[in-house]
Amino acid sequence: MRSEPFGATRAGERVTRHTLMRDDLRVQVIDYGAVVTAIEVPDREGRRANVVLALDTVEGYETVSPHFGAIAGRYANRIAKGRFTLDGNPFELPINEPPNSMHGGPEGFAKRLWQMTEADETRVVLRRRSPDGEEGFPGNLDVEVVYSLPEPGTLRIDYRAETDRPTVLNLTNHCYFNLAGEGTGDVMDHVVQIDADAYTPTDATQIPTGIIAPVAGTPLDFREPAPLGVRIRQGHEQIVIAGGYDHTFALREPAGTLRPAASCFCPASGRRLDVATTQPALQLYSGNNLDGSLVGPSGRTYRSGDGVCFETQGFPDAPNHPNFPSTVLRPGEVFTSISTYRFSVG
């Protein structure tokens, strides 16, 4: 167990990095943005590597990070035109991905210092209060995120939240995975499988149309394992809009129970990742916006496709789509969810 300084924010807030260890798995977390800065696991030859994209400094996470490893909130993913109505009351949010609001706004949970309240060798607890009106969202929201290593090879994330006023909530972790190792190049050879028969098509601004459509016959069909890059250059409208994959999949089994969501296998390293969640959906993102301007701890640049995200979450823009699973949280209710990331070799 180790906690150590990790620099300071521009406002002078001291940032701490904590290391979790269990057998061959090592995970590093900072209290700025509740960011996972490293997940180190061995390959089939026993060689260890960090398998998530990261930055070296707090300044990087404050200014240029595309949510590397962070907790996205108060509302992960997009809300159309930054507007929604709750109980007849209209709310407006900052527009930080025109014309929409993205990941809770420009100063969302990823850009806040969390309080590290408990920490030991296999568990760290991070908490913060999101005040009423922060980024336009109603209600004082108390949020807790617990990173733990409950068994060898498994990272578990527990989310918990309560509010004193009706609000909307969508939380996720935004790790970009590269199972060959951070900085080794693109992940187009990674073999992906997703436990979903349907997805949410989007309009030209990547807002869901409201339809939940079958994946069959589209490049989004990962019901059977397939290399991430095998269909990513097809001229399908949804691929063109996103510049790759940036789509929400409706998971098969009912939300609320921990069940398989996705898997990813790297043929070169032998590393495998299995994702499970209690959430209703999973966002597959192929790092389309990485443009070579960011340099990771490896000293190598990150370009489009150099990482893949498996963001367990609620549906994007759900407050504006009554047919989507509700993301409303009310006083007296407790939001909880669990996601696990199990690493193995094959």
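The values are calculated or read from the model by the stated rules, or taken from the named source; none is laboratory data. Note that the coordinates shown come from a computational prediction; the quantities given were computed from them, not determined experimentally. Heads up, the Cβs are rebuilt from the backbone with ideal geometry, glycines too, and the neighbour counts pull from every protein chain shown. Just the protein is used for accessible areas: all its heavy atoms, side chains included, with ligands, DNA and RNA removed. Shrake-Rupley method; radii C 1.70, N 1.55, O 1.52, S 1.80 Å.
If we scan segment 157-172, do we find a residue that is modelled with pLDDT of 95 or more, more than 21 Å from Gln115 (Cβ to Cβ), in contact with a strand residue (DSSP E or B) (Cβ under 8 Å, 6 or more places away or on another chain) and small (Gly, Ala, Ser)? No, that holds for no residue. Which residues, counting only those in segment 102-137, are within 21 Å of Glu62 (Cα to Cα) and either assigned to a loop (DSSP other than H, G, I, E, B) or modelled with pLDDT under 95 (or both)? Across segment 102-137, the qualifying residues are His103, Gly104, Gly105, Pro106, Glu107, Gly108, Arg112, Trp114, Pro131.
Looking only at residues of segment 78-102 that are small (Gly, Ala, Ser) and either out of contact with any helix residue (DSSP H, G or I) (no Cβ under 7 Å at 6 or more places or on another chain) or surrounded by fewer than 21 Cβ atoms within 10 Å (Cβ to Cβ) (or both), we find that the one that is nearest to Ala318 (Cα to Cα) is Ala80. Restricting Thr327, Thr312, Thr336, Thr340 to residues that are open to solvent by less than 40 Å² (accessible area, probe 1.4 Å) and in contact with a Phe, Trp or Tyr (Cβ under 9 Å, 6 or more places away or on another chain) narrows the list to Thr327.
Could you give me the residue pairs with C-beta distances under 7 Å whose first residue belongs to segment 1-29 and is over 17 Å from Trp114 (Cβ atoms), whose second residue is acidic (Asp, Glu) and part of a loop (DSSP other than H, G, I, E, B) wherever it lies, and which are 6+ apart or on separate chains? As it stands, the answer is Met1/Glu121; Met21/Glu121, since those pairs meet every condition given. Filtering segment 147-159 to residues that are assigned to a strand (DSSP E or B) and buried (at least 17 other Cβ atoms within 10 Å of the Cβ) leaves Tyr147, Ser148, Leu149, Thr154, Leu155, Arg156, Ile157, Asp158, Tyr159.
Only one residue in Gly256, Gly270, Gly296, Gly307 is surrounded by fewer than 21 Cβ atoms within 10 Å (Cβ to Cβ), small (Gly, Ala, Ser) and under 22 Å from Ala49 (Cβ atoms). Which one? Residue meeting the stated conditions: Gly270. The residue that is surrounded by the fewest Cβ atoms within 10 Å (Cβ to Cβ), among those in segment 192-201 that are within 19 Å of the chain's Cα centre (by Cα) and not polar (S, T, N, Q), is Asp195. Of the residues Glu62, Glu40, Glu13, Glu4, only one is touching a Lys or Arg at 6+ places or on another chain (Cβ under 7 Å), within 29 Å of Glu162 (Cα to Cα) and acidic (Asp, Glu); which? Unique residue meeting the criteria: Glu62. For first residues located in segment 122-140 and without any contact (Cβ under 8 Å) to a residue 12 or more places away in the chain, partners that are aliphatic (A, V, I, L, M) and part of a strand (DSSP E or B) and lie 6+ apart or on another chain with Cβ distances below 9 Å form the pairs Pro131/Leu141. Entry remark, segment 1-34: residues being assigned to a loop (DSSP other than H, G, I, E, B) and over 15 Å from Thr154 (Cα atoms) number 9 in total. Note on segment 202-217: residues that are part of a loop (DSSP other than H, G, I, E, B) and open to solvent by less than 20 Å² (accessible area, probe 1.4 Å) amount to 3.
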